[in-house]
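The block underneath contains the structure these notes are about, expressed in structure tokens.
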Amino acid sequence: FSGSNNFFQGLRGIPGLANLKSDSATLGTLRNTSNLNLEKNNLFNYPWTVRLQSNFQWNESSFRDLQSDIGLGAQDNEDSTYQYGIKLVSENLLGKNHRFTELLSYSGEHFHPHDRVNPGSSGPTSYRHRIAAGIEDEISFFKSRLLVSPSVRTELAVNNSSDQSLSTDYNISGKLGTEWNIINNLKMSGHVSRSYRLPNFYELFGDRGTFIGNPQLENESSTNFDIGLIYPHKFQNVKINTSLVYFENRISNLIQMQQTSQLTVRAANIGKATIRGVELSANLD
């Protein structure tokens, strides 16, 4: 059994985007995150591990600009977000060559904006509920010299937005990973995956003067690929890890910040993007 709690408080200035900067606009943040986890190994005397993980987060963001330096008019906004969830993860061996991981999770999110300058214009609470299930099989070949890990995940999201519209999103994502021990710890690894990302409530409804949310955002989706060489080496008490990886990500409905006026930026789906790169890394311990 394990648990943790993290509390954060911050206050900073918001300079703005235009030539006339602001000395008075501020952004305050209060956030508390709690986690409780329960793990049991060798359940019923079998090689079966079960983990139950729960979390709760409260986040309060306060934007204050009473001098109308940023955006349109005087602003004093307080946005509260509540996030909570529970996740069940099961890991079990089947024979000598299969390690299964199963996942079942639920998470919820509430977003409540409050306008302290014009209380009547405060928007209603927005909700999001997400249910997900997934399974992964790690298959070993040739005395574990070759590992293949196919996985699939499905998720249903129900959104009740601030304009009282109800929508559902159903998505399936998948991933295939491989790792081959070529010789003397030299390994080749590769992954290909299809994934998606729902816009968060800050991107949908946030308002911090310079940044304005966009309730019309669509889901971001991507196809990702990488292949590389990994060489872990140990010399007495020194461990050296080096890797060389090529990666490529193809993203549709990419969500980025787009400047819409001299004073403000807004989250927007800007189309497609392809990101390619080579990464060389080394670590000494």
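The values are calculated or read from the model by the stated rules, or taken from the named source; none is laboratory data. Because the structure is a prediction, the values reported are computed rather than measured. Backbone-built Cβ (ideal geometry, glycine too); neighbour counts: all protein chains shown. Only protein heavy atoms, including side chains, enter the accessible area calculation; ligands, DNA and RNA are left aside. Shrake-Rupley method; radii C 1.70, N 1.55, O 1.52, S 1.80 Å.
In terms of the Cα gyration tensor, with a ≥ b ≥ c the square roots of its eigenvalues, is the range 145-209 rounded because a/c is under 1.5, prolate because a/b exceeds b/c, or oblate? Judged from the Cα gyration tensor, the range 145-209 comes out oblate (a/c at least 1.5, b/c at or above a/b). If the segment from L280 to S195 were pulled out straight at 0.36 nm per residue, it would be longer than the present Cα-Cα gap by 28.1 nm. The 3J(HN,Hα) values that the Karplus relation (6.51, -1.76, 1.60; θ = phi - 60°) gives for the range 93-104 are, in residue order, 9, 10, x, 9, 10, 10, 10, 9, 10, 10, 9, 9 Hz. Gly and Pro appear as x.
With a/c under 1.5 counting as rounded, go ahead and sort the range 58-207 into rounded, prolate or oblate using the C-alpha gyration tensor (a ≥ b ≥ c being the square roots of the eigenvalues; past the cut-off, prolate if a/b is larger than b/c, else oblate).
prolate
Taking all protein chains together and rolling a 1.4 Å probe, D65 ends up with roughly 0 Å² accessible. Legend: calculated FRET efficiency, F56 to Q236, from the Cβ-Cβ distance at R0 = 45 Å, rounded to 0.05, equals 0.45. The Cα atoms of the range 104-148 give a gyration tensor whose axes a ≥ b ≥ c have a/c of 1.5 or more with a/b greater than b/c, which makes the shape prolate.
Using the Cβ-Cβ distance between S167 and R12 with R0 = 25 Å, the FRET efficiency computed as 1/(1 + (r/R0)^6) comes to roughly 0.15. Recomputing Cα extents along the principal axes in Å from the coordinates shown identifies the correct label among [x] 69, 44, 39; [y] 73, 42, 31; [z] 49, 46, 40 as [x].
Computed per residue of the chain from DSSP H runs no shorter than four, each worth -39500 (n - 2.57), the mean residue ellipticity at 222 nm is -500 deg cm²/dmol.
Compute the distance from the alpha-carbon center of the range 227-279 to that of the range 178-217, in whole Å. Comparing the Cα centres of the range 227-279 and the range 178-217, I get a distance of 9 Å. Protein heavy-atom surface of the chain, 1.4 angstrom probe: 55% of the accessible area is carbon and sulfur, with nucleic acids and ligands not counted.
In this label model, M188 and L103 are separated by 2.8 nm, measuring between points 7 Å along each Cα→Cβ vector. What does the charge count near T178 come to, summing +1 for each Lys or Arg and -1 for each Asp or Glu among other residues with Cβ under 12 Å from its Cβ? For residues surrounding T178, the net value is 0. Modelled label positions at T178 and E91, each set 7 Å beyond Cα in the direction of Cβ, lie 2.4 nm from each other. Listed by chain and number, the lysines whose C-alpha is less than 24 Å from the C-alpha of K87, apart from same-chain residues fewer than 8 away, are K40, K175.
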